[in-house]
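Coordinate-derived values only; no laboratory data. Values in this document were obtained by computation on a predicted structure and should not be read as measured data. Backbone-built Cβ (ideal geometry, glycine too); neighbour counts: all protein chains shown.
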Amino acid sequence: MGRSRLSIVIPVYNEGDNFPGLWKEVSELIKADFTAYAVYDFEEDNTVPAIRAIIDGGERRLRCVQKSARNAACLGHHDRL
C-alpha cells in the first residue's frame, strides 16, 4: 500500500463491542484512500482484540497503535517507519 491521502486517528477506550460496527461504517462511507490509526492507552483495553481481529482478517487500512510520545510524533508518517 502506498502513501494514503487521508489519515484518520480514532482514539479508543474499552470499545471492543462497538468498534467493529464503527469500522464497518468508516470503511463504507469514506471513499478516499485512507489509513486509520486506532490509538489506545493500555494493552488491557478491550478494543485491542477487536482491532487486531479486523487486521488479522485482512484489513490493510487499519493500524493498532499504543499511545506514546514516539507514536504520537510518527502518526501520519507510517511509510517512513
### Query
Going highest first, how would you order 36-42, 60-66 by mean Cβ packing within 10 Å?
36-42, 60-66
### Query
What list of ³J(HN,Hα) couplings, whole Hz, do you get for the range 41-55 from phi and the Karplus terms 6.51, -1.76, 1.60, once you set θ to phi - 60° and write x for glycine and proline?
8, 10, 4, 6, 4, 6, 6, 4, x, 5, 5, 5, 5, 5, 5
### Query
What net charge do the residues around Ala50 carry, taking every other residue with its C-beta under 10 Å from that of Ala50, with Lys and Arg at +1 and Asp and Glu at -1?
-2
